[in-house]
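The values are calculated or read from the model by the stated rules, or taken from the named source; none is laboratory data. In this text, all values refer to a predicted model and were calculated from it rather than measured experimentally. As a convention, Cβ positions derive from the backbone with ideal geometry for all residues, glycine included, and neighbour counts pool all protein chains shown.
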Amino acid sequence: MSQRLREFRVRGIPVLIFLIVAGIVAYLWQDQIHSPGFMGKVVADSAHVQSPADGIVDQLFISPFDEVERGDPVARIIRADSAYVRARLDLVRYRVKQVEAGFEPIQNLQRNIIDFENLKLDKVENRIELASLNIRKNRLSMEYQRAANCLKGAVYLKKNFSVLKLNIYW
């Protein structure tokens with residue numbers, strides 16, 4: 001009996017739990033999941049539209065996905081001489097180039113200001129380093145003078161005196 005109960009626990013309960021969970025999932029999906037189909041718009045055909053005269057498009061009468069038949073007005077065109085339009089376009093391009101060139105001196109000025117500030121910072125750092133070296137030199141000179149005075153009195157060893165002398169010049 002205990003062998004059958006153990007075998008049921010090992011083989012039967014996992015299958016039973018799997019079936020129960022699968023049933024619950026199927027029930028929940030039935031209420032929540034809809035069909036995978038969806039509605040969409042597709043542009044299937046394209047057509048080349050051209051005007052009988054040169055000009056600039058002023059106003060469009062259609063929007064995307066509108067149905068257009070042959071002969072339907074698509075846009076209003078302001079007639080203009082193509083040479084005039086090209087000249088205006090060249091003028092716009094020239095002005096864009098002028099604006100682009102106008103930013104370069106401003107960028108150079110900003111770069112120069114940053115470089116100048118960096119140089120001022122380097123100058124301050126060098127002054128600090130020089131001041132610390134002067135302080136060290138003065139301290140070592142005073143220690144040298146003290147050692148020289150002690151050497152005269154034969155109190156200081158000659159070996160320590162030569163080491164101090166070398167430290168001053170480093």
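Can you tell me which residue within segment 71-98, out of those that are among the basic types (K, R) and closer than 18 Å to V49 by Cα, is surrounded by the most Cβ atoms within 10 Å (Cβ to Cβ)?
Initially, segment 71-98 is screened for residues among the basic types (K, R), giving 76, 79, 86, 88, 93, 95, 97.
Applying the additional criterion that residues be closer than 18 Å to V49 by Cα yields 76, 79.
On the way: R76: 12, R79: 9.
Within segment 71-98, the match that is surrounded by the most Cβ atoms within 10 Å (Cβ to Cβ) is R76.
Of (1) in a loop (DSSP other than H, G, I, E, B); (2) modelled with pLDDT under 80; (3) over 40 Å from the mean Cα position of the chain (by Cα), Y84 satisfies all except one. Which?
The number of the failed condition is (1).
Here is a yes/no grid of residues against (1) at pLDDT below 85; (2) part of a helix (DSSP H, G or I); (3) in contact with a Gly (Cβ under 6 Å, 6 or more places away or on another chain):
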site: I17; (1), (2), (3): no, yes, no
site: I20; (1), (2), (3): no, yes, no
site: V25; (1), (2), (3): no, yes, no
site: G37; (1), (2), (3): yes, no, no
site: G40; (1), (2), (3): yes, no, no
site: I78; (1), (2), (3): yes, no, yes
